[in-house]
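All remarks here apply to the structure that follows.
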Amino acid sequence: MNRRELLKMIAVVTGTALVGGQALTAFAVGGGEEALTDADVRLLDEVAETLLPRTETPGAKDAEVGDFMRVFVRDCYTAEQQARFRDGIARIEAHSRAAHGDGFLALDAPRRGEVVAALDREARARMDGEAREWSPAEGGPHGFTLIKQLTLFGFFTSKAGGTEVLRYVAIPGRYDGDLAYRSGEPAWATT
């Protein structure tokens, strides 16, 4: 599977929960104390790099996605969403220790991939209503789903993701340097 196929699959599975959810409308909620520690950010950078590794293009760590998540979770998530996000971090460590006897950061790349795949299956089961330990009344996406969404959002809105991975056009459209000007019209300006 190549990177493009992976991104399409992730976008299909997780795209609507962040974009259609309340995360982007909660800007006035945050701004308080840090929801994530430096250790959490290091872990999130490695999880994000597992999802979007460096290839011939930059990876998630190049875009400093972990730091982006810290700011976004603190400033944009409600207390409930922050708790769900932190639960996603705890699940990463719990799955790592249960499956491999060590924390996520101590694992090699293939084992990290196994942990991420297991959490992805768990999150998908929750979305499909198949998870045994979760009921629809509980509401909200799985914590790992939030981590995946912010990984994609943070990466593709970063300079590295937006200019080195996506096609970037500084001035969209065409340039017309000979526009007709009639006396009395305001001049054109750009911001």
inquiry  = Need the failing condition index for Thr145 against (1) at pLDDT below 90; (2) among the polar types (S, T, N, Q); (3) under 19 Å from the mean Cα position of the chain (by Cα), just the number.
reply    = (1)
request  = Name every residue in segment 91-104 that is more than 16 Å from Thr151 (Cα to Cα) and within 17 Å of the chain's Cα centre (by Cα), in order of residue number.
outcome  = Arg91
note = All-but-one check, Arg126 against (1) surrounded by fewer than 19 Cβ atoms within 10 Å (Cβ to Cβ); (2) touching a residue at least 12 places away in the same chain (Cβ under 8 Å); (3) farther than 17 Å from Val41 by Cβ, failing number (1)
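The values are calculated or read from the model by the stated rules, or taken from the named source; none is laboratory data. Just so it is clear, the model here is predicted, and its values are computed rather than measured. Cβ sites come from the backbone with ideal geometry, for glycine too, and all protein chains shown count toward neighbours.
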